Amino acid sequence: MRTRRQHGAPDQLKRRRRRLALAGTALLLGCSLWSWAPALLAAVLGWLQPDIAFRGPAGRRVVYVTIDDGPSEHTGDILAALRRHGVPATFFITGSHVADAEALRRIVAEGHALGNHLWTTRRASALTLEEFRADFDATQAVLRPVAPVRLFRPSSDFGTADQLRYVREQGLLPVMGTMYPLDHRLGRPALLAGLARWLRIDGGILILHDGGTRGRTTAAVLDRLIPELKEDGCEFGRLDEALTATER
């Protein structure tokens, strides 16, 4: 029995070492996949939907802030947060939410861009091409007297190929983004900021929302997220300027 134990102990030690090595390898692989996932997501979506920009120019630690579904009673809170941190944004405007042009003029006066987000929040691909054109054109009629509009974001999905072709014919670039912390489902600013940090990539397009309580939440997220990203060496740019420069 003593001899068996002496022979068995080294075998057990070897098995433990192998298990530890396998566990360590799995952990390293999992961490690598976890860190690669945000960039992989942008690459896959760009491959599946080549007519839509899912990120800005890569190669620099730049983030582009975008805000959907405004304006609302909390647009001022979002503007104040952006002003505190000196960061520009693109506001993708839902045309039916515009009571008057004053909110739009204020957005532009503070150095931000306007984008077309259709007339309502109905799923873009559920619209016929005629309905889509009417919604797009109606929103353009609201935005263009205030400022040039260079970017378009479909509402609630990616839209159809015919819809995106129409957008490009009107001189606008369709854009989405992958730094999307699901703020239509989650409401805790700390959690949303943490998800956005994990999703950050070079040239990443951050998507947050205005409207109702989400506008107030977005302001709180920006107050948390922007200083953290700046501390991590990130800069912030205007998406319309970055994308139209690459299109030339």
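The values are calculated or read from the model by the stated rules, or taken from the named source; none is laboratory data. No experiment lies behind these values; they were computed from the predicted model shown. Virtual Cβ from ideal backbone geometry, glycine too; neighbours counted across all protein chains shown.
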For this session: Tell me, please, whether a residue that is more than 13 Å from the chain's Cα centre (by Cα) and not in a helix (DSSP H, G or I) can be found in segment 220-228.
Result: no
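Could you tell me whether residue 121 is modelled with pLDDT under 95 and surrounded by fewer than 21 Cβ atoms within 10 Å (Cβ to Cβ)?
Numbers: modelled with pLDDT under 95: yes; surrounded by fewer than 21 Cβ atoms within 10 Å (Cβ to Cβ): yes.
So residue 121 passes the test.
Go through segment 80-92 and report how many residues are part of a helix (DSSP H, G or I) and either touching a residue at least 40 places away in the same chain (Cβ under 8 Å) or crowded, with 24+ Cβ neighbours inside 10 Å (or both). Break it down stepwise before answering.
The first filter runs over segment 80-92 and keeps only residues part of a helix (DSSP H, G or I), leaving 80-85.
If we keep only those that are either touching a residue at least 40 places away in the same chain (Cβ under 8 Å) or crowded, with 24+ Cβ neighbours inside 10 Å (or both) as well, we get 80-82, 84-85.
Residues that pass the stated criteria total 5.
From the list 213, 217, 178, which residue is of a type in the set (Ser, Thr, Tyr) and closer than 16 Å to residue 92 by Cα?
Details: 213 fails: closer than 16 Å to residue 92 by Cα; 217 fails: closer than 16 Å to residue 92 by Cα.
After ruling out the rest, the residue left standing is 178.
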For this session: Can you tell me which residue within segment 50-67, out of those that are at pLDDT 95 or above and more than 18 Å from residue 89 (Cβ to Cβ), is surrounded by the most Cβ atoms within 10 Å (Cβ to Cβ)?
Result: 52
Seminar exercise, completed: The correct count of residues that are out of contact with any strand residue (DSSP E or B) (no Cβ under 7 Å at 6 or more places or on another chain) and more than 17 Å from residue 186 (Cβ to Cβ) in segment 224-243 is 8
Problem set entry | Subset tally (residues that are closer than 19 Å to residue 147 by Cα and either without any contact (Cβ under 8 Å) to a residue 60 or more places away in the chain or part of a loop (DSSP other than H, G, I, E, B) (or both)) for segment 52-71 | 1
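Kindly check whether there is at least one residue in segment 128-149 that is within 24 Å of residue 196 (Cβ to Cβ), touching a strand residue (DSSP E or B) at 6+ places or on another chain (Cβ under 8 Å) and not in a helix (DSSP H, G or I). Show your work before the answer.
As a first pass, look at segment 128-149 and keep what is within 24 Å of residue 196 (Cβ to Cβ): none.
Checking segment 128-149: not a single residue is within 24 Å of residue 196 (Cβ to Cβ), touching a strand residue (DSSP E or B) at 6+ places or on another chain (Cβ under 8 Å) and not in a helix (DSSP H, G or I).
Is it the case, given these coordinates, that residue 187 is small (Gly, Ala, Ser), farther than 23 Å from residue 42 by Cα, at pLDDT below 95 and surrounded by 21 or more Cβ atoms within 10 Å (Cβ to Cβ)? It would help to see each step written out before you state the result.
Working: small (Gly, Ala, Ser): yes; farther than 23 Å from residue 42 by Cα: yes; at pLDDT below 95: yes; surrounded by 21 or more Cβ atoms within 10 Å (Cβ to Cβ): no.
The answer is no for residue 187.
Within segment 196-225, restricting attention to residues that are over 25 Å from residue 120 (Cβ atoms) and not aliphatic (A, V, I, L, M), which residue is surrounded by the fewest Cβ atoms within 10 Å (Cβ to Cβ)? Step through it out loud before you land on a result.
Initial filter on segment 196-225 (over 25 Å from residue 120 (Cβ atoms)): 196-204, 220, 222-225.
After this cut, where a residue has to be not aliphatic (A, V, I, L, M) as well, the list is 197-198, 200, 202-204, 223-224.
Numbers: 197: 16, 198: 13, 200: 21, 202: 16, 203: 24, 204: 27, 223: 17, 224: 17.
So, considering only residues that are over 25 Å from residue 120 (Cβ atoms) and not aliphatic (A, V, I, L, M), the one surrounded by the fewest Cβ atoms within 10 Å (Cβ to Cβ) is 198.
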For this session: Test residue 175 against the stated conditions and say whether it is of a type in the set (Val, Ile, Thr), in the same structural domain as residue 65 (by TED's automatic domain parsing), farther than 15 Å from residue 61 by Cα and in contact with a Pro (Cβ under 6 Å, 6 or more places away or on another chain).
Result: no
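Please pick out the residue among 182, 208, 143, 151 that is modelled with pLDDT under 95 and either on the phi > 0 side of the Ramachandran plot or hydrophobic (A, V, I, L, M, F, W, C) (or both).
Numbers: 208 fails: modelled with pLDDT under 95; 143 fails: modelled with pLDDT under 95; 151 fails: modelled with pLDDT under 95.
Just one listed residue meets the conditions, 182.
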For this session: Filter segment 200-228 for residues that are out of contact with any Leu (no Cβ under 9 Å at 6 or more places or on another chain), over 13 Å from residue 67 (Cα atoms) and among the hydrophobic types (A, V, I, L, M, F, W, C) and give the result.
Result: none
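For the subset of segment 96-110 comprising residues that are without any contact (Cβ under 8 Å) to a residue 40 or more places away in the chain and within 21 Å of residue 172 (Cα to Cα), which member is surrounded by the fewest Cβ atoms within 10 Å (Cβ to Cβ)?
Taking segment 96-110 as the starting set, the residues that turn out to be without any contact (Cβ under 8 Å) to a residue 40 or more places away in the chain are 96, 99-100, 102-103, 106-110.
From what is left, the residues that are within 21 Å of residue 172 (Cα to Cα) are 96, 107-108.
Numbers: 96: 14, 107: 25, 108: 16.
Per the criteria, the residue is 96.
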Problem set entry | Qualifying residue in segment 152-159 (condition: surrounded by 15 or more Cβ atoms within 10 Å (Cβ to Cβ), within 13 Å of residue 90 (Cβ to Cβ) and assigned by TED's automatic domain parsing to the domain that holds residue 58) | yes
